[in-house]
Amino acid sequence: MFWTLVGRPSQTDKGLGDKGMAQPRRLLARLREVMARSVVGLAELPRLIAAELVSEVCSIYVLVAGDLLQLAATVGLQEAAVGQTRLRVGEGIVGLVAATGAALNLPDAQNHPAFAYRSETGEEPYTSMLAVPVLRAGKTRGVLAVQNRVPRLYTEEEVEELETVAMLLAELLPAVAEAAAPEEGAGGALSRRFSGTSLAPGLAVGPLTRRGALAAPERLLAEDSAAELRRLEEAGAKMRRRLDRLLADRLPEEGATREVLEAYRLVASDSGWFARLAAGVQSGLTAEAAVHRVTAEVRRRMRRLADPYLRERLADLDDLALRLLEALGAGGLPERVPNGAILLARRLGPAELIDWHARGISGVIVEEATPHGHVAILARSLGLPAVGALEGGGAEGIGQSAGDGEWVVLDADEGRVILRPEEDVAESYRQALAARSSEQETLGAWRARPAATADGTRLRLMLNIGLPHEIGQLEATGAAGVGLFRTEIAMMALGAVPDATDQAALYARLMDAAGEREIVFRTLDLGGDKLLPGVLRGAEGNPAMGWRSLRVGLDRPAVLRRQLRALALAARGRPLSVMFPMVATVEEFVAARALLETEARRVAGPPGRLAIGTMLEVPALLWQLPGLLAAADFVSIGTNDLMQFLFAADRTAPALAGRYDILSPPVLDLMESLAAKAEAAGVALSVCGDAAGEPLAAITLAALGITTLSMSAASLLPLKALLARIDLAAFRPVLAGIRSAASGGASLRGPIGAWVGEHGGPD
Ligand code: PEP
Ligand code: MG
């Protein structure tokens, strides 16, 4: 039946074609693409920028020879002026912008007192001008300008957009100057995102394994066709026997999965296919070559079919061809795949999916699959996260971009695939996965119980999250709120920083889901080991201590302001808590606070209550505590960074892992004194570094007076259960004794662990 249908050409081919690449909507997305290429195309940028801002002219001036601004690229001005037109810093509007470091938005630029006419540029027809400085590490590197014929004041959004572009340009200019290729992201090639359709829900993080093409035949022509036909028949019988065994084990009584497998079995037992193969062998081909030829021929015809049922059979056909080749001794599925691997296939048949599942894959990406297709039905019944119908990731599809063994995040809840994820993104997904584990379910009873120690000390246990769908963990864990929402992780998972409206929608969704519970939004903490493709990819010798995080936010406020506005918009009369990362001076905090307050005032329906806090990660703040505690509404200790800066120990260096301990006299002294000072000042103090979720550290912090602890969702319920067994009043003098007996900076983990082991075990 199937084979007769395959021969019939379809009436309509509509809907079969390539879905087409989603056009990046925003200029930034396009710029990132340009910057992600190995050769930086400065000349391409003005055209892109001018098109986005609907301006007739866009020009880039680069600082050369100390104080000369040279026209380096333009669209709209005379091409011949490039490399020729030069203005001194302070000369003309461009020079003035470079000198002051401030944007100029001029409806009538030519009548501005600073205007300097340069005949070779041909700029007479253009009346209005917007020029912004290109700053890097606080220094002017150039000027970016757009011009229009009609007199106009550029909108605030346009100014912001141009400032944002200037920020990207700042990263580009040194690379242009040195004619160097931009640095690749962590792990070599850049991370890429693909969006698709969720076929079966769930998350997976693992190495990619590809379901390759059919193994090419070694021989095309058979010497003895009759013997070859016998070989084919034997292999066919073997294949059917194996299939029967496989399906017998899996065939449920009824339901969609049964229908899928029966439809597949029907194709497998259809004599038409075998007749075609036999005809190929009789024409002189080897059995393997006949499999290839018939598969290719049917594929060609079926590609034109609109009928989804028949297109689904194409995957069945590939599956069968692979099995038959295997029975012929050519290729087949690998014996072993890396544990937890994520399978990437163009198409996948149902029996094949069962086989791969048995080999231990943790998820599947099928380029040509739909939610109602067979692979989707089967993946759901196997509980295997699956995504299909992918697009995005630049010009290349995932099939061309991905290599065997490369790491992949499969977010089948959101229909997203992240190839070569940044370590922080992968880690966030691992934590989200851990929080969903069955072990967590067994602790479910603790969800509704109060967080308190055996002697009645109440704690506030909160969550650290960064992926929007992790907000569901508030319910699952009964956490008091989100103590740290790492907004950069959400942006990195998306691969971009969306505009204010889209960001506001995201934050509002989170607040809706949290209800009365607080969410502490941390502003973008990009840089160091957290990079967005194309953004902030400067080649810094020491990126963790470089131009990152709030430093960027204050030097180039456009992106930060956009985020703060989005947060204020999202709150709409509700309380809003915002925290700034990598604060090193009280002045930085005060400046950031002022930006937030300004944005909050500007939105209609400002936040009901604004709590503005700081991370404590940079040791210099420890000597500014009176000022800091007076200026901040709350302080959250980021032990991950604080430890790395206190001990000068790179948090990402495996050789240093565990060398310095939070449970050591200097850090415990510090925590104790911070708790006392914050309490005296009436400022809420918490810990949101990883130590907060680590049992011994959490108990010790609680004993020292820090009872608000924010941690990953997987840590929360086990910690709550443990804390309930701890008599903190009894532990305090023990801890004091351990500390007074210690000398130097060595770890006190041994004696603390011994006490907790003895007194914190289940009754
Ligand atoms: C920290 O530094 O402790 C912290 C919570 O921030 P992150 O881990 O995101 O740097
Ligand atoms: Mg940090």
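Exactly one residue out of VAL635, VAL603, VAL559, VAL586 is buried (at least 19 other Cβ atoms within 10 Å of the Cβ), away from ligand 2 (no atom under 13 Å from the Cβ) and within 18 Å of GLY527 (Cβ to Cβ), and it is VAL559. In this structure, PRO498 does satisfy being away from ligand 1 (no atom under 16 Å from the Cβ), out of contact with any His (no Cβ under 9 Å at 6 or more places or on another chain), within 20 Å of LEU560 (Cα to Cα) and without any contact (Cβ under 8 Å) to a residue 40 or more places away in the chain. Of the residues making up region 418-438, those that are without any contact (Cβ under 8 Å) to a residue 24 or more places away in the chain and more than 30 Å from SER401 (Cα to Cα) number 1. The set of residues in region 562-583 being in a loop (DSSP other than H, G, I, E, B) and buried (at least 20 other Cβ atoms within 10 Å of the Cβ) consists of PRO581, MET582, VAL583. A single entry from GLU599, GLU588 fulfils the requirement of being acidic (Asp, Glu) and either closer than 25 Å to ARG651 by Cβ or in contact (Cβ under 8 Å) with a residue 40 or more places away in the chain (or both): GLU588. Scanning region 58-86 for residues that are without any contact (Cβ under 8 Å) to a residue 12 or more places away in the chain and of a type outside the set (Val, Ile, Thr) returns ALA65, GLY66, GLU79. Considering region 582-619, the residues that are modelled with pLDDT under 95 and either among the aliphatic types (A, V, I, L, M) or touching a Lys or Arg at 6+ places or on another chain (Cβ under 6 Å) (or both) include one that is farthest from ligand 1 (Cβ to nearest atom), namely ALA604.
Scanning region 620-646 for residues that are in a helix (DSSP H, G or I), within 13 Å of ligand 1 (Cβ to nearest atom) and touching a Gly at 6+ places or on another chain (Cβ under 9 Å) yields THR639, ASN640, ASP641, LEU642, MET643. Do you know which residues across region 569-581 are more than 16 Å from ligand 1 (Cβ to nearest atom) and either hydroxyl-bearing (Ser, Thr, Tyr) or in contact (Cβ under 8 Å) with a residue 60 or more places away in the chain (or both)? Scanning region 569-581 gives LEU569, ALA570, ALA571, ARG572, ARG574.
Just one of the listed residues (ALA697, ALA681) is at negative phi and more than 15 Å from ligand 1 (Cβ to nearest atom), namely ALA681.
Looking across region 610-619 at every residue that is part of a strand (DSSP E or B) and crowded, with 22+ Cβ neighbours inside 10 Å, the one that is farthest from ligand 2 (Cβ to nearest atom) is identified as GLY613. Only one of the numbered conditions (1) over 18 Å from ALA263 (Cα atoms); (2) assigned by TED's automatic domain parsing to the domain that holds PRO207; (3) among the charged types (D, E, K, R) is violated by GLU326, and that is (2).
Residues considered: GLY403, GLY415, GLY388. Of these, the only one that is touching a residue at least 60 places away in the same chain (Cβ under 8 Å) and at positive phi is GLY415.
The values are calculated or read from the model by the stated rules, or taken from the named source; none is laboratory data. Quick caveat, the model's predicted, so the values are computed rather than measured. In this analysis, Cβ positions are derived from the backbone assuming ideal geometry, glycine residues included, and neighbour counts consider all displayed protein chains.
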